[in-house]
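The values are calculated or read from the model by the stated rules, or taken from the named source; none is laboratory data. These figures come from a predicted structure and were not determined experimentally. Here the Cβ positions follow ideal geometry from the backbone for every residue, glycine too, while neighbour counts run over all protein chains shown. Quick note on the areas: whole protein, heavy atoms, side chains included, nothing else; ligands and nucleic acids left out. Shrake-Rupley method; radii C 1.70, N 1.55, O 1.52, S 1.80 Å.
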Amino acid sequence: MRYEIVHVTEYAYGEAVPLCHNVARLRPRETDRQTCLRHDLSVSPTPAVFRERVDFFGNPVTSFSVQNLHLALSVTARSQVDVQPSSGPSGLFPVTWEEALAILAMGRDPEVRLARQFVFESPRIRHDSALADYAKPSFPPGRLLSESVLDLMWRIHTDFRFQKGSTSVGTSVREVFQSRQGVCQDFAHLQIACLRTMGLAARYVSGYIVTEPPQGEPRQLGADASHAWVSAFAPGSGWVDVDPTQGRAVGEGHITVAWARDYGDVAPLKGILLGGRQQSLRVAVDVMPLPDGEVSPT
């Protein structure tokens, strides 16, 4: 399936800003099931510096600096992607979660070594014995790792309530666990924290999900949003992607932008500026399916 994504971010400032430096992770990355057909990032005012690179985790990154007085900043990302259905783990010998623990601890395979970094704590995700206690019912002896990950995902989806505005970017996993509510970023952090506390490798995935308006209502422009989910490492098979917010495995309607340790590594847009005083922010996202084979003009 092909999709067009338009992601608009607009800042308005209380006083003129003479200088800002920004980092954007808005270009969908290439994966084994996803191809970015086109991508354009437009910035107003025109940046004096504009550079593209790939970060430590393999995510496309754009850095730019605006170096003249401005009262507003607008960043518009337009992308077209082709997404194939997820086939899930491909290994011939599925592993139990105990076998996965042993391989992660001792394995010397390059893929295992790369995955091992996602066992450790990160700035927004800490090991927590209370989370291990919550996770353990999903990990009975001898259970396949993929089944345990899916069971934990479903329990989080059932036990926690999606409540827009109930948390902020700075809300900790422990606060989400105690309040039993949050948004997709929180639930992804929560499941990753549970898996890492159990000694398993899990990474944070940012992207988009295709949404449909209520029956009988027209699609509202800008009403979509960024999304987040979880990817757990299954030695010998690859990565298992699950969406605790939606309560299902990741599928064709999930569009990957970036992955890393946690949200702080893959925020869509972040930066620093001089001055500005008070500022307001508006974000609008549209994810639109395209007819088969169609690539619309940028």
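Considering only 67, 23, 130, the residue lying farthest towards the positive end of the dipole of the chain is 67, judged by Cα position with unit charges set on Cβ.
Per residue, the convex hull spanned by the Cα atoms of region 128-185 measures out at 84 cubic angstrom. Going by the alpha-carbon gyration tensor, a ≥ b ≥ c the square roots of its eigenvalues, is region 105-228 rounded (a/c under 1.5) or, if a/c is not under 1.5, prolate (a/b greater than b/c) versus oblate? Here region 105-228 falls in the prolate category.
Taking only DSSP H segments of four or more residues, each worth -39500 (n - 2.57), what value at 222 nm results for the chain once the sum is divided by all its residues, to the nearest 500 deg cm²/dmol? It would help to have the intermediate numbers written out before the result.
Numbers: 7 runs with 64 residues, N = 298.
It lands at -6000 deg cm²/dmol.
Peptide packing: for 15-22, 101-108, the average count of neighbouring Cβ atoms within 10 Å per residue gives the ranking 15-22, 101-108, highest mean first.
Summarise the accessible area of the chain (1.4 Å probe, protein heavy atoms) by the percent that is carbon and sulfur. Before the final figure, lay out each step's value.
Values: 7640 of 14430 Å².
Reported share for carbon and sulfur atoms: 53 percent.
Segment residue 290..residue 37, full-extension length gain: 89.8 nm, with 0.36 nm per residue of separation and the alpha-carbon distance subtracted. Listed values for region 23-39 are Karplus-derived 3J(HN,Hα) couplings in whole Hz (6.51 cos²θ - 1.76 cosθ + 1.60, θ = phi - 60°), namely 10, 10, 10, 10, 8, x, 7, 7, 9, 5, 10, 9, 10, 8, 7, 8, 8, and x replaces Gly and Pro. Kindly provide log₁₀ I(q)/I(0) values, in the same order as q = 0.13, 0.22 Å⁻¹, from the Debye equation applied to equal alpha-carbon scatterers of region 247-294. The computed values of log10 I(q)/I(0) come out as -0.60, -1.11.
Computed from backbone phi with θ = phi - 60° and the Karplus coefficients 6.51, -1.76 and 1.60, the 3J(HN,Hα) list for region 194-211 is 4, 5, 5, 5, 7, x, 9, 9, 8, 10, 8, 10, 10, x, 9, 9, 6, 10 Hz; x is used for glycine and proline.
Taking amide H positions as modeled 1.01 Å from N, with prolines and chain starts lacking one, the residues under 5 Å from residue 38 and 5 or more places away or on another chain are 80. So, R0 is 30 Å and r is the distance between the beta-carbons of residue 248 and residue 117; what FRET efficiency does that work out to, to 0.05? The value I calculate is 0.65. Per residue, the chain exposes 48 Å² of solvent-accessible protein surface, assessed with a 1.4 angstrom probe and all protein chains in place. Here the 3J(HN,Hα) profile of region 120-133, calculated from phi with Karplus coefficients 6.51, -1.76 and 1.60 at θ = phi - 60°, is 7, 5, 9, x, 9, 10, 10, 5, 8, 4, 5, 6, 5, 4 Hz, Gly and Pro shown as x. Multiplying the residue separation of residue 10 and residue 74 by 0.36 nm and removing their Cα-Cα distance gives an extension gain of 22.6 nm. Given their separation in residues at 0.36 nm each and the Cα-Cα distance between them, residue 136 and residue 54 gain 25.8 nm when the chain is fully extended. Each label point was placed 7 Å from the Cα along the Cα-to-Cβ direction; for residue 159 and residue 274 their separation is 5.0 nm.
Normalising the Debye intensity of the chain to I(0), with uniform scatterers on Cα atoms only, and taking log10 at q = 0.15 Å⁻¹ returns -1.23.
For region 49-182, the percent of C-alpha pairs falling in each 10 Å distance bin, counted from 0 to the bin holding the largest distance, reads 8, 23, 31, 26, 10, 3, 0.
The H on the amide N of residue 55, modeled in the peptide plane, is under 5 Å from the matching H of 61, each at least 5 residues off or on a different chain. Overall shape of region 16-122 was characterised from the C-alpha gyration tensor. The equivalent ellipsoid obtained from it has semi-axes of 40, 19, 10 Å, in decreasing order.
Given +1 on the Cβ of Lys and Arg, -1 on the Cβ of Asp and Glu, and no further charges, what dipole in debye does the chain carry about its Cα centre, rounded to the nearest 20?
Computed charge dipole of the chain: roughly 700 debye.
Peptide packing for 176-184, 42-50 was compared via the average number of neighbouring C-beta atoms within 10 Å per residue; ordered from the highest value, the list is 176-184, 42-50.
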